[in-house]
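Data first, discussion second: the structure below is written as structure tokens.
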Amino acid sequence: MRYVIVGASAAGLAAAEAIVAADTGAEVLLVSEEARPPYCRPLISYWLAGESPESLFPLPTDVLSKIEFRPGCRATHLDTRA
């Protein structure tokens, strides 16, 4: 099965991890308008304060090697029939 996840937040990344764990044959596409790898947005206030927790950039995961990740790509519509 093919899955498309729009938004590379911690939630989008967790969804990709769950899909890959449950369906090893899945094709997963993670689309993000941001050019950087997924990061933990709730911790952004620490980064803005000059305290950069190591878990903020990038999130520790190996799922990005198992999926197709398109950074810098804005989703404008989804064609669920295609």
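Side notes on the structure shown:
- Those residues of the stretch 1-18 which are open to solvent by less than 60 Å² (accessible area, probe 1.4 Å) and within 22 Å of His77 (Cβ to Cβ), in sequence order: Ile5, Gly7, Ala8, Ser9, Gly12, Ala15, Ala16
- Residue in the stretch 2-11 that is at pLDDT below 95, under 12 Å from the mean Cα position of the chain (by Cα) and assigned to a helix (DSSP H, G or I) present: yes
- Residues that are under 22 Å from Met1 (Cβ atoms) and among the small types (Gly, Ala, Ser), drawn from the stretch 21-42: Ala21, Ala22, Gly25, Ala26, Ser32
- Scope the stretch 34-82; condition at pLDDT below 80 and assigned to a helix (DSSP H, G or I); matching residues: Arg41, Pro42, Leu43, Ile44, Trp47
- Taken together, the criteria exclude Leu29 from residues that are part of a helix (DSSP H, G or I) and either among the acidic types (Asp, Glu) or open to solvent by less than 40 Å² (accessible area, probe 1.4 Å) (or both).
- Output for the stretch 23-54, where each listed residue is of a type in the set (Val, Ile, Thr) and under 12 Å from Pro71 (Cα atoms): Val31
The values are calculated or read from the model by the stated rules, or taken from the named source; none is laboratory data. Worth saying up front: this structure is predicted, and the values here are computed from it rather than measured. Because the Cβ atoms are built from the backbone with ideal geometry, glycine has one as well, and the counts that use them run over all protein chains shown. Note: areas computed on protein heavy atoms with side chains; ligands, DNA, RNA excluded. Shrake-Rupley method; radii C 1.70, N 1.55, O 1.52, S 1.80 Å.
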